[in-house]
1. Looking at A:Val54, A:Val28, which one is hydrophobic (A, V, I, L, M, F, W, C), in contact with a helix residue (DSSP H, G or I) (Cβ under 6 Å, 6 or more places away or on another chain) and closer than 20 Å to A:Trp104 by Cβ?
2. I'd like the residue in the range A:146-164 that is buried (at least 21 other Cβ atoms within 10 Å of the Cβ) and aliphatic (A, V, I, L, M) and, out of all such residues, is nearest to B:Ile98 (Cα to Cα).
3. Looking at B:Gly149, B:Gly118, B:Gly129, B:Gly163, which is the one that is among the small types (Gly, Ala, Ser) and within 24 Å of B:Pro103 (Cβ to Cβ)?
4. Restrict the check to the range A:77-91 and report whether at least one residue is outside any loop (DSSP other than H, G, I, E, B) and of a type in the set (S, T, N, Q).
5. Might you let me know whether the range B:80-93 holds any residue that is among the β-branched types (Val, Ile, Thr) and away from chain A (no Cβ under 14 Å)?
6. Determine if the range A:196-206 includes at least one residue that is under 18 Å from B:Ala92 (Cβ atoms), part of a loop (DSSP other than H, G, I, E, B), modelled with pLDDT of 70 or more and within 11 Å of chain B (Cβ to nearest Cβ).
7. Working only within the range B:98-116, note down all residues that are more than 18 Å from B:Ile171 (Cα to Cα) and without any contact (Cβ under 8 Å) to a residue 60 or more places away in the chain.
Amino acid sequence: MNPSAETLQRQFGSAIRRVTESCDRTIVYVDGDRIREILAWLKDDPGEAYNYLVDITAVEYREAGLPIEVVYELFSLGRKVPLRVKVTLPKDQPLEVDSVVPLWAGADWLEREVYDMFGITFRGHPDLRRILMWETYAEGFPLRKDFPLRGRFSRSEQVRQALNAHPEAHYSLGELGIAESYHELPEDMRERLRRGERGQIAAPKGER
Amino acid sequence: MGVITKPEPSAGRVVSQVSPNWLTTRLDFLVNWARSNSMWPMPFGTACCAIEFMATAASRYDISRFGMERMSFSPRQADVLLCAGRLPFKLAPVIRRIYDQMPQPKWVISMGACASSGGIFDNYSMVQGIDTVVPVDVYVPGCPPRPEGLLYGILLLQKKIRGETLADPAIRIEQTLDERGLRLAPDRIDELSEPFGNSIHQTRSA
């Protein structure tokens with residue numbers, strides 16, 4: 001058992017819901033409302049010094065009654081100790097948790113991926129939008145258990161929506177590295193970049 | 001993108017009012033000889049098939065024997081779009097734009113099971129065969145195809161080009177997307193994307 005779990009229980013009391021051990025890894029379940037405070041303490045306390053955020057991911061279990069878990073994998077580079085922190089989000093409440101981007105800048109894309117795949121909203125995230133699927137993707141959140149493997153739309157509708165997307169609009173000007181040369185771009189490209197992909201896809205014309 | 005619908009070139013149709021004579025057939029032979037022996041590929045490598053394509057291009061299998069050693073990383077100077085690997089829906093508009101930017105005459109090779117049919121990726125994110133997005137001339141089976149398989153596909157494409165005639169205007173018509181933004185009718189796309197083989201019995205959680 002990782003001694004950090006006991007220290008956490010002394011420090012935060014009832015905010016630490018439960019501590020378990022699995023495959024020699026200590027798992028700490030904490031109160032979702034205090035996750036940022038607890039992770040900030042784990043990062044900055046000199047005795048803990050979990051300064052590396054390895055991954056953020058989420059788990060939805062097959063049993064419908066079980067809550068969705070957000071998993072934070074921490075690692076102390078100095079002490080060479082891992083710690084897994086989990087937050088449970090019941091499905092009958094809004095799936096929301098505080099963003100940890102203020103603590104680790106690298107959490108930006110990790111939280112975007114969890115949002116994209118599970119639909120969990122990270123409060124305070126600077127740029128919470130889809131990262132793997134495109135921005136106008138309308139079928140839902142693919143890693144949820146109620147998501148059909150082949151998606152919700154027919155294949156032809158999926159192809160239509162994909163072909164009607166604007167590839168440039170997946171990215172911001174900064175990501176494309178063309179923010180400085182914006183005024184030299186062709187007018188139609190500037191228009192697409194201004195609009196982004198947030199606009200509606202035109203409804204199909206004709207009988208279909 | 002485009003709004004004009006044009007018929008696909010179909011085999012067995014009367015292609016010209018002028019009967020082929022000695023001059024046009026000799027000109028066809030010359031043009032097709034030049035075209036088929038200098039196909040510049042536009043590699044669209046997305047997965048492990050691209051590794052086999054690189055092996056095909058390297059010295060042991062030596063794609064330059066067929067006049068294809070000049071990889072064209074600009075679609076403006078390419079003749080053959082070679083899709084090596086699975087195509088996610090997010091890349092579908094990208095490959096369509098590359099295809100639209102290539103000058104006529106142009107051909108497409110679909111390399112591997114995933115590019116040709118979706119392969120093992122019968123899921124929410126993958127195009128079930130790139131022929132629902134761009135017209136395909138040669139399908140190369142395999143997962144991934146060995147370099148010999150790809151070379152055989154290239155030889156088949158050369159054979160196809162040698163059979164073309166300049167009198168057929170349909171081969172030079174740009175095949176644009178229709179007003180729905182699709183290449184094929186929706187029911188044809190659904191039919192092409194149907195699960196097949198083992199995948200009917202696997203993971204039908206939908």
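The values are calculated or read from the model by the stated rules, or taken from the named source; none is laboratory data. None of the values given here were measured: they were computed from a predicted structure. With ideal geometry, Cβ positions are generated from the backbone for all residues, glycine too; neighbour counts draw on all protein chains shown.
1. Result of the check over A:Val54, A:Val28: A:Val28.
2. Among them, the one singled out is A:Leu163.
3. Step by step, each of B:Gly149, B:Gly118, B:Gly129, B:Gly163 is checked, and only B:Gly163 is among the small types (Gly, Ala, Ser) and within 24 Å of B:Pro103 (Cβ to Cβ).
4. yes
5. yes
6. Taking every residue of the range A:196-206 in turn, none turns out to be under 18 Å from B:Ala92 (Cβ atoms), part of a loop (DSSP other than H, G, I, E, B), modelled with pLDDT of 70 or more and within 11 Å of chain B (Cβ to nearest Cβ).
7. Selection gives B:Ile98, B:Ser110, B:Ala113, B:Ser116.
Residue-wise test of (1) farther than 28 Å from B:Val133 by Cβ; (2) in a loop (DSSP other than H, G, I, E, B).
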position	(1), (2)
A:Pro126	yes, yes
A:Arg130	no, yes
A:Trp134	no, yes
A:Phe141	no, yes
A:Lys145	yes, yes
A:Leu149	no, yes
A:Arg152	no, yes
A:Gln158	no, no
A:Ala162	no, no
